[in-house]
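The values are calculated or read from the model by the stated rules, or taken from the named source; none is laboratory data. Since the structure is predicted, the reported quantities are computational estimates derived from the model, not experimental observations. When we count neighbours, we look across all protein chains shown, and the Cβ atoms used for this are built from the backbone with ideal geometry, even at glycine. These accessible areas exclude ligands, DNA and RNA; they are computed on the full protein's heavy atoms, side chains included. Shrake-Rupley method; radii C 1.70, N 1.55, O 1.52, S 1.80 Å.
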Amino acid sequence: MPKLVIDDREVTVEDGLNLIQAAERLDIEVPHYCYHPGLSISGNCRMCLVEIEKMPRLQIACNTRVTEGMVVKTTSPKVKVAQAAVLEFLLINHPIDCPICDQAGECKLQDYYMDYGAYHSRFPLEAKVEKRKVVDLGPQVVLDQERCILCARCTRFLDEVTKTSELGIFARGDRCYIDLFPGKKLENPYSGNVVDVCPVGALTSKDFRFKARVWYLEKTESICTLCANGCNIDIYHRRGQMYRFRPRYNPEVNQYWMCDEGRLWYKELQKESRILRPLVRGEQDFAAVLWDDAVNQVAQTLTQVKEEHGANAIAGIIGAKATNEEAYLFSRLLTEHVGTELIAGLSWSPAEASHDNFLIKADKHPNTRGLQAMGLLNGGASTADVLAAAAKGAVKVLLVFAADLVPAFGSEKLDAALSHAKVIVFDTDYSGTTEYADMVLPIGTAPETDGTFTNYAGRVQRIRQAFPPPGEAKPGWEVLSQLGIKFGGTDYLSSAEIFAELANKSPASAGLTYSKLASHGVQLLGVEQSPERTMAQS
Ligand code: SF4
Ligand code: SF4
Ligand code: FES
């Protein structure tokens, strides 16, 4: 553990860190372009120059490892002159695009110019080297060659992370440019990450271009729910509308990256098909009802059916897109309050679901492991048992929470199984299953809900409510809590309370709380690692 001095402050850090990382421990920013912690060191931009005692010349911080007794200065007059000179050099041929550039607000050229440059340009505008603009690289990414500072982050990402090497640096000197290798397109499943690593506005997202200025957007930490990997993300949103997902660093799950499908998943979560009110099937179509009436009606139906036909005339199916908190309350409602044995989890993904050996999992649900840990997928009744009982007419009420049964079982089977039962669906969107519903209760999607998911490897991670659900929809845990109260259950004030209670049910997670899960979640000991590419199905 070397001890060194940076800007007159002592710090002890792990061996092997570079000076940018060591300075970060003291909240000292060493400006940098080409250095990215998830990529190899390139050392080409020279923006990170620092002064080191006993060294005759300035050194690049990104490629200088800490050593015992080092004395480093990041703001000395020599360093400041060098930083301004590097910026002036990098900006010589940069176009004056800032007012219309999508990177504004996140651009390291703009930010560093204000912090470390602020010089008067000595270069005539008309002498700037012109290059190609709006170059279509692939389905996700657009390139502006003039804005590029040739830091090689994008090429290193494609060489080192995806190993697809679509982009290269061509030509020499100030004519140098980034481009596709002949015959290639930037269309690997992780291509959007090059936009994140580009420190300037050279690589922009086709999806996000010209949609919103980033300083108007709020950012909420969350988890991608499109597959069982549970990549950590930030949701960028404004007034209940999402504009983009970007990966959030988690060394245990996704490092700095996410896949393109997951990146665009926010669109699916805010489609026109959202259910906005509690609905009851009338003569012809659904009719909207008040929440109180809807909850009372569900409670009365359950009580009545139990009295007339016994507890096992009531059954429940919960999908693996439900949070742990929702699954816990759904399970308590049916097993403790109602007393039925017919409750099953559903985690069905198509056989041809995309997957690879990096991040993308074939299980397209965020919480299959969570349902397994609660015994909803690998013990007790299965969905096949529930549907078989329903087909025999033994099930009078079926509660379906956050699951679409149609892709998993097909309409024919469901027509036979559900014709005798009253079907009550709790979901975010209209689906094939809501066609069978007698009642529909609208719940929030992951960005509209607090909760946790357990990823494929048994890591429990938080989702945070970025904004409330649309219309009259409510977070699922709130709906289930209100229903539980009708049967003498707890009136939970937050999903954090539910989590603390459910965590204490198992020795492996006893004492776990939302604050302990923090930003990166907790690996739950005692949950076995899923074999790669296994789909769970009950
Ligand atoms: S396009 Fe962006 S990431 Fe790639 S070399 Fe240029 S500035 Fe760097
Ligand atoms: S790998 Fe899975 S969890 Fe990660 S971003 Fe892609 S779909 Fe989302
Ligand atoms: S960040 Fe060190 S040389 Fe570019």
Lysine pairs meeting the criterion (Cα under 23 Å, 8 or more apart or interchain), as found in the range 166-235
4
For the range 69-117, what is Rg from Cα atoms divided by 2.2 N^0.38 Å, rounded to two decimals?
1.40
Counting heavy atoms of the protein chains only and a 1.4 Å probe, report the per residue accessible area for the range 80-223 as a whole number of Å².
49
Between the range 501-519 and the range 260-332, what is the C-alpha centre distance in whole Å?
27
Lys and Arg at +1, Asp and Glu at -1: add these up for the other residues within a Cβ distance under 9 Å of I463 and post the number.
0
Can you compute the helix-only [θ] at 222 nm over the chain? Use -39500 (n - 2.57) per DSSP H run of at least 4 residues, normalise by all residues, nearest 500 deg cm²/dmol.
-6000 deg cm²/dmol
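Restricting attention to the range 188-259, which chymotrypsin sites (Phe, Trp or Tyr not before Pro) occupy a DSSP loop and are surrounded by at most 12 other Cβ atoms within 10 Å?
Within the range 188-259, the qualifying chymotrypsin sites (Phe, Trp or Tyr not before Pro) (loop, at most 12 other Cβ atoms within 10 Å) are F210.
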Set of lysines with alpha-carbon distance to K128 below 23 Å, sequence-local pairs under 8 removed:
K108
I need the trypsin sites (Lys or Arg not before Pro) found in the range 360-428, filtered to DSSP loop residues with at most 12 other beta carbons within 10 Å of theirs.
K392
In sequence order, what are the phi-derived ³J(HN,Hα) couplings for the range 42-47 according to the Karplus relation 6.51 cos²θ - 1.76 cosθ + 1.60 with θ = phi - 60°, rounded to whole Hz, with x for glycine and proline?
10, x, 9, 8, 6, 6
Taking the alpha-carbon centre of each part, the distance from the range 76-118 to the range 373-424 in Å is 61
Non-local amide H neighbours of G138 (under 5 Å, H modeled in plane, Pro and chain starts lacking H): which ones?
L186
Stretch gain in nm, segment T67-K211, where the contour uses 0.36 nm per residue and the Cα spacing is subtracted:
47.2 nm
Vicinal HN-Hα couplings computed from phi for the range 473-490 (Karplus, 6.51 cos²θ - 1.76 cosθ + 1.60; Hz; Gly/Pro x):
4, 10, x, x, 5, 5, 5, 5, 5, 5, 5, x, 4, 4, 10, x, x, 6
Given contacts defined as C-alpha pairs under 8 Å and at least six residues apart, what's the relative contact order of the chain, whole-number percent?
11
Which lysines does K306 reach when only Cα atoms under 17 Å apart count, and residues fewer than 8 places away in its own chain are ignored?
K396, K422, K486
I'd like the carbon and sulfur percentage of the solvent accessible area for the range 47-201, probe radius 1.4 Å, heavy atoms only, ligands and nucleic acids excluded.
57
HN-Hα J in Hz across the range 265-271 - Karplus 6.51, -1.76, 1.60, θ = phi - 60°, x for Gly and Pro:
4, 4, 5, 5, 7, 10, 7
Nitroxide proxy distance, nm - points 7 Å out along Cα→Cβ at D174 and K3:
5.0
What's the center-to-center distance, using Cα atoms, between the range 1-40 and the range 187-214 in Å?
28
Highest mean packing first, using Cβ neighbours within 10 angstrom, the peptides 64-76, 194-206, 164-176 sort as 194-206, 64-76, 164-176
I'd like to check one number: the per residue accessible area of the range 284-409, probe 1.4 Å, reported in Å² as a whole number.
37
Find out how many positive minus negative residues lie around Y249, taking Lys and Arg as positive, Asp and Glu as negative, among other residues whose Cβ is under 12 Å from that of Y249.
-2
Built amide H within the under 5 Å cut-off of I6, gap 5+
V11, V72
Out of residues 5 or more away from I223 or on other chains, whose amide H comes under 5 Å of its own, with H placed 1.01 Å from N in the peptide plane?
I233, R464
Sparse-neighbour loop sites [trypsin sites (Lys or Arg not before Pro); the range 244-278; at most 15 other C-beta within 10 Å; DSSP]:
K271
Under 18 Å Cα-Cα from K3, which lysines qualify once same-chain neighbours fewer than 8 residues away are excluded?
K54, K73
With an 8 Å Cα cut-off and a minimum separation of 6 or more residues, compute the relative contact order for the range 394-433 in percent.
61
